[in-house]
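Below you'll find the structure, written out as C-alpha cells, and then a few comments.
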Amino acid sequence: MYVTDCYGHRLQKFINGSTVGVTIAGITGSNGTALNQFNWLRYFCLDPTETYLYINDNSNQRTMLYRSNSTTGTNGTIVAGGNSNGNSNIQLHYPWGIHYLPSISTDMYIANNAGHSVMRWTPGASSGIFVAGTAGVSGSNATLLNSPMGLKIDAYLNIYVVDKGNHRVQMFCQNSSLGITIVGTGVAGNSTTELNAPRSIAFDSSMNMYIGDTGNVRVQKFLKI
C-alpha cells in the first residue's frame, strides 16, 4: 500500500501486513523545492506494472516521477510543470488529481485545483493541453469547473472530474469541452443524490463508481448504468 503523507512531505510504502511504513519519496518532515523534496504532495498514480509513481507535488506546481523501489532522499524527475503556479500551458496551478494509464493514453491527466481546469500532458513534455474547464476561471456551467480534485479516465478517454466546489461529478466525453453532470445537483447536500465538497473518485472492475464525499464524511457508491 502506498500513502501520500501530505503534512510529512513524503510518500510511504507499507508492505502487506506491516504497520511500519518505508519512505520511498521525499524526506520526512522536510519540505522544499529540491528534486528529492515535496511541498504538500497530493494524489499520485502507479503505472500498471507498479514500477513508476507519478506524484502531484502540489505547492511546487509540478508532477514528479519516482521508481517504486526508490528510497528516502532519492531525486525524482519533473514530468509536468515546475514553472511556478499559473494558467498557461507550461504551468500547473496547485495540481491535485492525476490519472495515467499508458494502455489507454500516453498522456497524463492532471486536475489543476486552483486553476479550475484539467490538462493532458505527455510525461516530460514542456507543455500540456487544456481539456476541461477554462484555465483560471471558476464557474458552474457545463464548460466550467470550481476547484476540481480527483479525476479518472475510462477506456474511451472519457474524463470523470470531481468538481469539489460545485458538489458534483462531471463527465467530459473525448474531445468535448461540455461536461455532463453524472452525480450531484450542484448544491451541497446529504441525500443519496447529493454531495458535499467531494474530493476523490475510483472505479471497480465493473465500472461502479465510488466518490469520497468529504463534507458528508462518507463514501458513496453509484452503480454503472
Within the stretch 195-213, is there a residue that is assigned to a strand (DSSP E or B) and of a type in the set (S, T, N, Q)?
yes
Only residues that are touching a residue at least 12 places away in the same chain (Cβ under 8 Å) and surrounded by 14 or more Cβ atoms within 10 Å (Cβ to Cβ): list them for the stretch 166-178, please.
Asn166, His167, Arg168, Val169, Gln170, Met171, Phe172, Ser177
When restricted to Ser88, Ser105, the only residue over 18 Å from Arg168 (Cα atoms) and out of contact with any strand residue (DSSP E or B) (no Cβ under 8 Å at 6 or more places or on another chain) is Ser88
When residues of the stretch 121-137 are limited to those that are in contact with a strand residue (DSSP E or B) (Cβ under 8 Å, 6 or more places away or on another chain) and either of a type in the set (A, V, I, L, M, F, W, C) or at pLDDT below 95 (or both), the one surrounded by the most Cβ atoms within 10 Å (Cβ to Cβ)
Ala132
Specify the residue that is surrounded by the fewest Cβ atoms within 10 Å (Cβ to Cβ); the eligible residues are those in the stretch 101-120 that are in contact with a Ser or Thr (Cβ under 9 Å, 6 or more places away or on another chain) and over 20 Å from Asp163 (Cβ atoms).
Thr106
Would you list the strands (runs of 3 or more DSSP E) that sit entirely within the stretch 1-66 and hold 3 or more residues that are under 27 Å from Ser117 (Cα atoms) and touching a residue at least 40 places away in the same chain (Cβ under 8 Å)?
41-46, 52-57
Just name the residue that is farthest from Gly165 (Cα to Cα) out of those in the stretch 179-225 that are over 17 Å from the mean Cα position of the chain (by Cα), surrounded by 12 or more Cβ atoms within 10 Å (Cβ to Cβ) and of a type in the set (Gly, Ala, Ser).
Gly179
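Please note which strands (runs of 3 or more DSSP E) are completely contained in the stretch 80-177 and include at least 1 residues that are assigned by TED's automatic domain parsing to the domain that holds Cys6 and of a type in the set (S, T, N, Q).
Numbers: elements: 95-99, 108-112, 117-121, 129-133, 148-153, 159-163, 168-172.
In the stretch 80-177, no matching strands (runs of 3 or more DSSP E) lie anywhere.
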Gly21 versus (1) more than 14 Å from the chain's Cα centre (by Cα); (2) surrounded by fewer than 17 Cβ atoms within 10 Å (Cβ to Cβ): which is the lone unmet condition?
(2)
Search the stretch 183-202 for residues that are without any contact (Cβ under 8 Å) to a residue 12 or more places away in the chain and pair each with any residue that is buried (at least 20 other Cβ atoms within 10 Å of the Cβ) and small (Gly, Ala, Ser) when their beta-carbon atoms are under 8 Å apart and the residues are at least 6 apart or on different chains.
Thr193/Gly184
Candidates Leu11, Leu53, Leu65 - the one that is surrounded by fewer than 22 Cβ atoms within 10 Å (Cβ to Cβ), among the hydrophobic types (A, V, I, L, M, F, W, C) and out of contact with any Asp or Glu (no Cβ under 6 Å at 6 or more places or on another chain):
Leu65
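The values are calculated or read from the model by the stated rules, or taken from the named source; none is laboratory data. Every value quoted in this text rests on a predicted model; they were computed, and no experiment measured them. Using ideal geometry, Cβ is built from the backbone for each residue, glycine included, and neighbour counts are taken over all protein chains shown.
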